[in-house]
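Right, I'll just put the structure down here and ask away after.
What follows draws every value from the coordinates through simple rules; no lab data is involved. Computed from a predicted model, the values in this text were never measured in an experiment. With ideal geometry, Cβ positions are generated from the backbone for all residues, glycine too; neighbour counts draw on all protein chains shown.
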Amino acid sequence: MTFTLPDLPYAYDALAPHMSKETLEFHHDKHHQAYVTNGNNLLKGTEFEGKSLEEIVKGSFGKNAALFNNAGQHYNHLHFWNWMKPNGGGDKLPGRLAKKIDEDLGGLDKFKADFAAAGAGQFGSGWAWLAVKNGKLEVSKTPNGENPLVHGATPILGVDVWEHSYYIDYRNRRPDYLKAFVDNLVNWDYVDELFGKAV
Ligand code: MN3
């Protein structure tokens, strides 16, 4: 496959004040575009041409670092834009997902705290995740472009903690960005959709 950059699923100013127009312009138009462009160049002539994005991510991990970094980040950002929405967050989750979070993660409040702590605790660039592994939910963090796919899990929510994701709006206050993400930005309907496919 060839990687392509989709439009954002909302206007550039739709997530303000939690994530600004300027952040989304740089993050989507420059950073994500670079992963698409570089990924396509690195894909040419490899065994992964013609494979699906998920196959490329999993197959290149540990084998072709440059391709993996760009393909992984393309996958992560495709979902990241959809993991947010205007007036997101809140405490009203789809029922089956809320029940599973209660069962596996000790409830929504504990999940939010653990997810934010994973993001705050990721040293340097990376992501914090909610993923399904062996039928159970788990919170994790990964460096750089890595994601739960390469660890045998299916990501259903992720937050980008690279500085390009928050530095314009929050400067060095990564924990404030993470709090705004879980409280005001998460698109729980999309998380639930991925959860439904993963279990
Ligand atoms: Mn990013």
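Enumerate the calculated ³J(HN,Hα) couplings along segment 108-123 in order (Karplus 6.51 cos²θ - 1.76 cosθ + 1.60, θ = phi - 60°), each rounded to whole Hz, writing x wherever the residue is Gly or Pro.
Along segment 108-123, the couplings run 5, 4, 5, 4, 4, 5, 5, 5, 5, 5, 4, x, 5, x, 6, 6 Hz.
Roughly how compact is segment 106-187, stated as its Cα Rg over 2.2 N^0.38 Å to two decimals?
After normalising by residue count via 2.2 N^0.38 Å, the value is 1.04.
Rounding to the nearest 20 debye, state how big the charge dipole of the chain is about its Cα centre with +1 on each Lys and Arg Cβ and -1 on each Asp and Glu Cβ.
In debye, rounded to 20, the chain gives about 320.
Would you mind checking which residues have amide H under 5 Å from TRP162's amide H? H placed 1.01 Å from N; only 5 or more apart, or other chain.
Under 5 Å from the amide H of TRP162 lie the amide H atoms of GLY126, each far enough along the sequence or on another chain.
Turning to a different aspect of this structure: When the Debye formula is applied to the Cα atoms of the chain, each taken as the same point scatterer, what base-10 log of I(q)/I(0) results at q = 0.11 Å⁻¹?
-0.48
Regarding segment 49-123, what is the average projected area of its C-alpha convex hull, in nm²?
Its Cα hull, projected and averaged over all orientations, spans 7.3 nm².
While we're here: Distance between the C-alpha centers of segment 147-192 and segment 85-109? Whole Å please.
Cα centres, segment 147-192 to segment 85-109: 15 Å.
Separate question: Which links in LYS30/LYS58; LYS21/LYS141; LYS85/LYS197; LYS51/LYS179; LYS51/LYS92 stretch past 30 Å when you go from one Cα to the other?
Over 30 Å Cα-Cα: LYS51/LYS179; LYS51/LYS92.
If each residue of separation counts as 0.36 nm, what is the full-extension length gain between SER20 and GLU55 once their alpha-carbon separation is subtracted? Walk me through the numbers before you get to the answer.
On the way: separation 35, 0.36 × 35 = 12.60 nm, distance 3.31 nm.
Stretched fully, the SER20-GLU55 segment lengthens by 9.3 nm.
Among rounded, prolate and oblate, which fits segment 1-80 when a ≥ b ≥ c are the square roots of the eigenvalues of its C-alpha gyration tensor, a/c under 1.5 means rounded, and a/b larger than b/c means prolate?
prolate
Subtract the Cα-Cα distance of LYS63 and GLU47 from 0.36 nm times their separation in residues, and report this length gain in nm to one decimal.
On the way: separation 16, 0.36 × 16 = 5.76 nm, distance 1.14 nm.
Here the answer is 4.6 nm.
Separate question: Net charge near MET1: determine it from the other residues with C-beta under 11 Å of the C-beta of MET1, scoring Lys and Arg +1 and Asp and Glu -1.
-2
With unit charges on the beta carbons (Lys and Arg positive, Asp and Glu negative) and the dipole taken about the Cα centre of the chain, which residue among THR23, LEU43, ALA153 sits farthest to the positive side?
ALA153
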